[in-house]
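Working notes, beginning with the structure itself.
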Amino acid sequence: MPIRILHTADNHLGLPFSQLPDGIRERLVEERITALQRLVCTANERQAHFLVVAGDLFDKLSVPGALIAQAVDVLKGFEGEAVLVLAGNHDNCVGPESMLWKTFRRAAEGSNVIALTEQCTMDFHLDEGAVRFHACPCPSRLGSEPMTGWVAGAEKPEGMLHIGIAHGNVEGLGLDADQRYFNMTEAQLRDAGVHTWLLGHIHVPAPAPGTVGRPVYFMPGIHTPDSVRCTHPGHAWYIELGMDGACHHEQLTTGAIRFHRRTARLEHANDIVALEQQVAAWDPPNTVLDLRLSGRLDRALLNQLTTLLEELRTRFLHLTTELAVEELLTPAEIAERFPDGTLPHALLTSLLADPEHPGDAQVALDIIQDLHRA
Amino acid sequence: MKLLSIRLHPFGGTTDRTITLHDGLNVLQGANEYGKTTLVHALWHALNTSTDLVPSALEKNMRRWFPLPTGDHVRVTLCFEAEGSTWTLEKTWGAGRSARLQAGNGAPMADPSGIQQRLRSLLRLNEATWKWVLFTGQAQLSRTLEHLAKEGTTLDDVHGLLQGAAAIPGDIPAARLRSVLDDRIDAHYSNWDRTTNAPRGGRGIGNPWKNKVGPVLAAYYTKESLRAELEMVVGHERAVDAVNERSARLTATFQKAEPFITEGRTLRNGLSSRIGLEEKVHRLTNTVQQLMAIVNAWPGATQVITAKAEELERSATELEKVQAELDSARKHAQAQHLRDVHRRITEARAAWQEACSKLAALPAVDPQALQQLRKLEQHINDLQIQVEAQKLVARLESTGARSVTVQSGTEAPASIALAPGQPWQADAAGRFSATVDDLQITVQSGLEDVDALFGKLENARLHRAELLTALGQPSLADAVAAATAHVDQQRIVKGLEDLYKAALQDRAEEEWEAAVKELTALPATRDGAVLEEERTRLFKHQAGIRAEIDTKRTQVEGWTQEHESVDALMEKVIVHRAELSGAQQELAVLPALPHGFASVKDYLEALDAREREQDGVKGQLDTVRREHARLEGLTPARTAEELREELDLKEREFQRRTAEGQALLRIQQRLAAVAAAREAGDPLQGLADAVARYFGALTADRYTRVELEGTTPGHVHGPVRLPATQLSQGALGSLALATRLALAELYLRNDNGFLLLDDPFTDLDPQRRSRAIHALMQFAAQRQVVLFTCHPEHADALVEAGATGVGEP
């Protein structure tokens, strides 16, 4: 019987979403803990032996004690052998006096929730077999060397599954040009001599879908999206590892709220229709939508766009827009507003004839209209 | 374009109604709310509104005309003449929307946008012209007058209103637009330096402008403030990272040393005891060894003393013998010495006697005679020098061979042989004589009396010879040598005599001879040096034995004093051994010295040093942790990632504001060009005359000239020149109508169009109304006019003037 593990990381509990309004902010903050709750439930449903959090459970060291206690309470709901929580770079453990981890340990005392804040091995002897976890926590937010080096020389008794847990960038998977995030290479991980690695830090999952066999490492990605930069719905790994090293893995979708950003240039009615169709395909009540729109539309289409945006605002969980859509003044509109021969007619017609700056005509029209209203 | 008929079926409150229109002035009279406005809008939409409307546009533009309560469409059919053809236009909006335009029996058009394009070309003038000039709404004119009544006659109000009602709506004087645009640009770039593209005066966020902050500057301050905040946050994050890194390093150092220190603290006491015990064991071991050495040495020492004493006796005996032999040997040495001395005395005496013999053989030289001889020699030399000073050179030549006797100076005469061709030459001192046969030639120096000189010299030489003969010496040098030899020999004799006397050593020679005779009876001995050597050896040997005996005695005395006896000493050894064993056992149970240290002292020193280092590291850790806590307390509310995202947003916003400003500048430039072009060719040329003509007609030529500002009447000329704002309400209304008619005339001068008027005489008194009707009829003589009125008397007056009544709308 294989050892069953549910692997997550980068939960970033305590992420403030301070740039969002109150209602949506609270919802998103709550979602982070709710998604973790769902993970625990899934782990129980699958009768996982271990729930592994490979770093950055918390967004920062100064998260409130109440949140720490809440997180521990959620994790305590796991019915398996143990919850292993590794200190990542955001919730790093500088030493025994770390307030976050002292609070965590106090809250987890007597439970199966274990904080991995120092380099160590942890053995479990189950009916299915023995497992040794090699923990490589982060001692700081930044580091130029990987924390996994010691594992290669660590004792690895035969007859046990050896699993490494670490947090940091993997060369080729994430961007760490300055080598500041405990950069690891796949070769180093392979040469460590463990059966596989459960990693955290990169918010994008790995291995790629369809990969078979036992990968050198797993990266679950963030468990529920936190911004438009996250283009996936939030994932975790369910892993079955046989004592013979055989591996079955399944990617779980764990997030309930999505973030989407759509950048579009609107110049025709079709562009608006296309935009409407695309956003309609998402799950509006559970989606935070960010639209960056540019282009030029005539008045009618601009009104149509405004109407569409108002409608989207009511349908989506939250909508932010950055509009750089200029009203396209047409010769017909100029003719509609200003009789031939008048200065506005002449000026606007002249401005509209500038192919490089056709939007100037609309600006001039605004000024002329302000004059009329004055 | 000339309208022929319009049918509403339905439109607004009209279910189905057709109105036929004619050339000239068409009058439609009906009460208020009777559908005039509906008809105007039906006409307007038929000509200008496409049937292909999006739902929102349909709702906005046409919904209000759907028949209530349940009408879902409106329809208008318009017949008109244009471009030499009769056209039929039918449009339906709403349910079953459609459009159809057909010229005569030609192919109908059904495409809504195509129809609108065709209509635009048939209408010729643009939509705004039709809307604001030719489709004059009732509300607009009456609103003008209402506003004038309500708001008073302030210049701005009237001017703006005149613009709205009397001029071409929408038109603006170039100067005003330029002024507004300049203001807008100034406001947009307020406190922004376009040259440097930075805040004016270089006042960035460190010293920002508080007042007159334009959009560009505001956007700039916003983004730069964000950037500063981001830098602060990044700096804070880096500071935290640095503190964490340092903490991790110190913690690692602390943890690395902790096991050693912890173990050391446990071992410290035990190891400190070990030092004392080790010392004790070492001391006891040495003591036992020392005591055992005494135990072993003590009995032997006594025996040694006895043996050495015997040896000493034997040595003394031997020494006596050697001493006796040595005395004899010394005597022998002394005898030899006596013989040597006697021999030396004999030899000295012989030498002395020989020297005396030699002295006797040497002649003595009288010193006074010698002295005299020296003086005489010196005198002779002086004379010779004087003679030499009278030097002559003699040269003899002969033509034949001959013998000549010559004498130079005081030299003896000599004979020379002369040969022809062989001259003879010689030096002569003082005098030279040459004698040939009986001829003697004498030459002598004239400087002195040479004869006297030569005589002195001769006498001196004779005296010298006498002295030498007396001394028995051939020469002065020989005399001196003889004197010297004599003196030397005297000295030698004296010296030898002294040696002899010294050798005697104050004794007579006979005494010495007697002593030598006595030595022949001594016995033979070995060599004295050998005996001396042996005696010395024996002395040393005895000294050594004595020293050895003394040492042993001192040892034994010391041991006896300290330990009493060998037995007592053995007891002591036993006690010390027992103590040593106990200490060793005690030592065995103490903790061992850790590996890598030569001694407990080294280990404890290392432990102390590590503890001090650890205290230092702990102190640094405390400092770092305090710093960490301080930084944690200063954690910014927002993260760097959030701020970067917002900064991107604000950067784009700043770019937009900048682009807006550039657009304003371009508009400013374009306005200048357009305004200049307009000044060159005024498209509304003649308008002033037309306005004046109509105004004159409406005011019975009270005002005959109008000055326009743009398209707005600014001043009127009558009896006096008046600003238009100072006209009465009635005159102003006439001016508004005159301007409207003049504009329509201007726009329609090349086209066959029509003018709509909606109760244009509302506020005109009957006289002005009559004149207005007249002016209108003149206008309508050339162009189609459709006039709506709710006043029957107005309609009657118009019909009476020649207008066509087209029935109630």
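Residue by residue through segment A:85-113, note down the ones that are surrounded by fewer than 24 Cβ atoms within 10 Å (Cβ to Cβ), over 27 Å from B:VAL624 (Cβ atoms) and not hydroxyl-bearing (Ser, Thr, Tyr).
The answer is A:GLU109, A:GLY110, A:ASN112.
Among the residues of segment B:92-128, which ones are open to solvent by less than 50 Å² (accessible area, probe 1.4 Å), under 27 Å from A:HIS345 (Cβ atoms) and either touching a residue at least 24 places away in the same chain (Cβ under 8 Å) or part of a strand (DSSP E or B) (or both)?
Matches in segment B:92-128: B:LEU101, B:PRO112, B:ILE115, B:GLN116, B:LEU119, B:LEU122, B:LEU123, B:LEU125, B:GLU127, B:ALA128.
Go through segment A:53-107 and report how many residues are within 13 Å of chain B (Cβ to nearest Cβ), more than 20 Å from A:LEU199 (Cβ to Cβ) and within 20 Å of the chain's Cα centre (by Cα).
3
Taking segment A:150-178 only, how many residues are open to solvent by less than 50 Å² (accessible area, probe 1.4 Å), at pLDDT below 90 and assigned to a strand (DSSP E or B)?
1
Quick check, is B:VAL216 in contact with a strand residue (DSSP E or B) (Cβ under 7 Å, 6 or more places away or on another chain), assigned to a helix (DSSP H, G or I), hydrophobic (A, V, I, L, M, F, W, C) and touching a residue at least 12 places away in the same chain (Cβ under 8 Å)? Break it down into steps so the answer makes sense when it comes.
Details: in contact with a strand residue (DSSP E or B) (Cβ under 7 Å, 6 or more places away or on another chain): yes; assigned to a helix (DSSP H, G or I): yes; hydrophobic (A, V, I, L, M, F, W, C): yes; touching a residue at least 12 places away in the same chain (Cβ under 8 Å): yes.
Taking the combined requirement at face value, the residue satisfies it.
So, in segment B:16-43, how many residues would count as being more than 22 Å from B:ALA803 (Cβ to Cβ) and at pLDDT below 90? Reasoning before the result, please.
Of segment B:16-43, the ones more than 22 Å from B:ALA803 (Cβ to Cβ) are B:16, B:33, B:41.
When the remaining residues are screened for being at pLDDT below 90, the result is B:33, B:41.
Here the count works out to 2.
Are any residues in segment B:690-744 open to solvent by 10 Å² or more (accessible area, probe 1.4 Å) and of a type in the set (D, E, K, R), and if so, which ones?
B:ARG693, B:ASP701, B:ARG702, B:ARG705, B:GLU707, B:GLU709, B:ARG721 - these are the residues of segment B:690-744 that are open to solvent by 10 Å² or more (accessible area, probe 1.4 Å) and of a type in the set (D, E, K, R).
Condition check: within 14 Å of chain B (Cβ to nearest Cβ) and either crowded, with 17+ Cβ neighbours inside 10 Å or modelled with pLDDT under 95 (or both). Does A:GLU145 satisfy that? Lay out the reasoning, then the answer.
On the way: within 14 Å of chain B (Cβ to nearest Cβ): yes; either crowded, with 17+ Cβ neighbours inside 10 Å or modelled with pLDDT under 95 (or both): yes.
Yes: the conditions hold for A:GLU145.
Identify, please: which residue in segment A:323-358 is open to solvent by less than 10 Å² (accessible area, probe 1.4 Å) and within 16 Å of B:GLN669 (Cβ to Cβ) and is, among those, farthest from the other protein chains (Cβ to nearest Cβ)? Before you say what the answer is, go through the steps one by one.
Within segment A:323-358, the first condition is being open to solvent by less than 10 Å² (accessible area, probe 1.4 Å), and the residues that meet it are A:329, A:334, A:338-339, A:342-344, A:347-348, A:351.
After this cut, where a residue has to be within 16 Å of B:GLN669 (Cβ to Cβ) as well, the list is A:343, A:347-348, A:351.
Details: A:LEU343: 6, A:LEU347: 5, A:LEU348: 9, A:LEU351: 6 Å.
Step by step, filter segment A:323-358, then rank; the result is A:LEU348.
Here is a list: B:ARG678, B:ARG644, B:ARG625. Which entry is at negative phi, assigned to a helix (DSSP H, G or I), at the interface with chain A (Cβ under 7 Å from one of its Cβ atoms) and open to solvent by 60 Å² or more (accessible area, probe 1.4 Å)? I'd like the intermediate steps shown before the answer.
Working: B:ARG678 fails: open to solvent by 60 Å² or more (accessible area, probe 1.4 Å); B:ARG644 fails: at the interface with chain A (Cβ under 7 Å from one of its Cβ atoms).
Of B:ARG678, B:ARG644, B:ARG625, the one residue that is at negative phi, assigned to a helix (DSSP H, G or I), at the interface with chain A (Cβ under 7 Å from one of its Cβ atoms) and open to solvent by 60 Å² or more (accessible area, probe 1.4 Å) is B:ARG625.
Quick one: in segment A:359-374, of everything that is among the hydrophobic types (A, V, I, L, M, F, W, C) and at the interface with another protein chain (Cβ under 7 Å from one of its Cβ atoms), which residue is farthest from B:LEU134 (Cα to Cα)? Can you show your working first?
Taking segment A:359-374 as the starting set, the residues that turn out to be among the hydrophobic types (A, V, I, L, M, F, W, C) are A:361, A:363-365, A:367-368, A:371, A:374.
Then drop every residue that is not at the interface with another protein chain (Cβ under 7 Å from one of its Cβ atoms), which leaves A:363-364, A:367-368, A:371.
Numbers: A:VAL363: 28, A:ALA364: 25, A:ILE367: 25, A:ILE368: 22, A:LEU371: 23 Å.
In this case the residue turns out to be A:VAL363.
Which number in (1) open to solvent by less than 40 Å² (accessible area, probe 1.4 Å); (2) modelled with pLDDT of 90 or more marks the one condition that B:THR251 misses?
Every listed condition holds for B:THR251 apart from (2).
With segment B:420-490 as the region, which strands (runs of 3 or more DSSP E) entirely inside it contain at least 2 residues that are within 27 Å of B:GLN407 (Cα to Cα) and open to solvent by 70 Å² or more (accessible area, probe 1.4 Å)? Please lay out each step first, then the result.
On the way: elements: B:424-429, B:431-436, B:439-444.
Here the list reads B:424-429, B:439-444.
Given the criterion more than 13 Å from chain B (Cβ to nearest Cβ) and of a type in the set (Lys, Arg), identify the matching residue among A:ARG292, A:ARG313, A:ARG299. Before the answer, list the steps.
On the way: A:ARG292 fails: more than 13 Å from chain B (Cβ to nearest Cβ); A:ARG299 fails: more than 13 Å from chain B (Cβ to nearest Cβ).
Result: A:ARG313 is the single residue among A:ARG292, A:ARG313, A:ARG299 that is more than 13 Å from chain B (Cβ to nearest Cβ) and of a type in the set (Lys, Arg).
The rows are residues; the columns are (1) open to solvent by less than 60 Å² (accessible area, probe 1.4 Å); (2) within 30 Å of A:GLU322 (Cβ to Cβ); (3) out of contact with any helix residue (DSSP H, G or I) (no Cβ under 9 Å at 6 or more places or on another chain); (4) at pLDDT 90 or above.
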| position | (1), (2), (3), (4) |
| --- | --- |
| B:LEU580 | yes, no, no, yes |
| B:LYS601 | no, no, no, no |
| B:ALA606 | yes, no, no, yes |
| B:GLN620 | no, no, no, yes |
| B:LEU631 | yes, no, no, no |
| B:LYS650 | yes, yes, no, yes |
| B:THR658 | yes, yes, no, yes |
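Determine if segment B:311-330 includes at least one residue that is closer than 30 Å to B:TRP559 by Cα and free of Cβ contacts under 8 Å to residues at least 60 places away in the same chain.
Looking for residues that are closer than 30 Å to B:TRP559 by Cα and free of Cβ contacts under 8 Å to residues at least 60 places away in the same chain, one finds at least one in segment B:311-330, hence yes.
Has segment B:601-611 got at least one residue that is within 27 Å of B:TYR220 (Cα to Cα) and either more than 14 Å from every other protein chain (Cβ to nearest Cβ) or part of a helix (DSSP H, G or I) (or both)? Lay out the reasoning, then the answer.
Our first condition is that a residue be within 27 Å of B:TYR220 (Cα to Cα); within segment B:601-611, this holds for none.
Among the residues of segment B:601-611, not one is within 27 Å of B:TYR220 (Cα to Cα) and either more than 14 Å from every other protein chain (Cβ to nearest Cβ) or part of a helix (DSSP H, G or I) (or both), which makes the answer no.
Going residue by residue through segment A:254-275, is there one that turns out to be outside any loop (DSSP other than H, G, I, E, B), polar (S, T, N, Q) and either over 25 Å from A:HIS12 (Cβ atoms) or at pLDDT below 95 (or both)?
yes
The values are calculated or read from the model by the stated rules, or taken from the named source; none is laboratory data. Predicted model, so just to flag it, every value in this text is computed and none were measured. Here the Cβ is made from the backbone with ideal geometry for all residues, glycine too, and neighbour counts use every protein chain on show. SASA here: full protein model, heavy atoms, side chains in, ligands and nucleic acids out. Shrake-Rupley method; radii C 1.70, N 1.55, O 1.52, S 1.80 Å.
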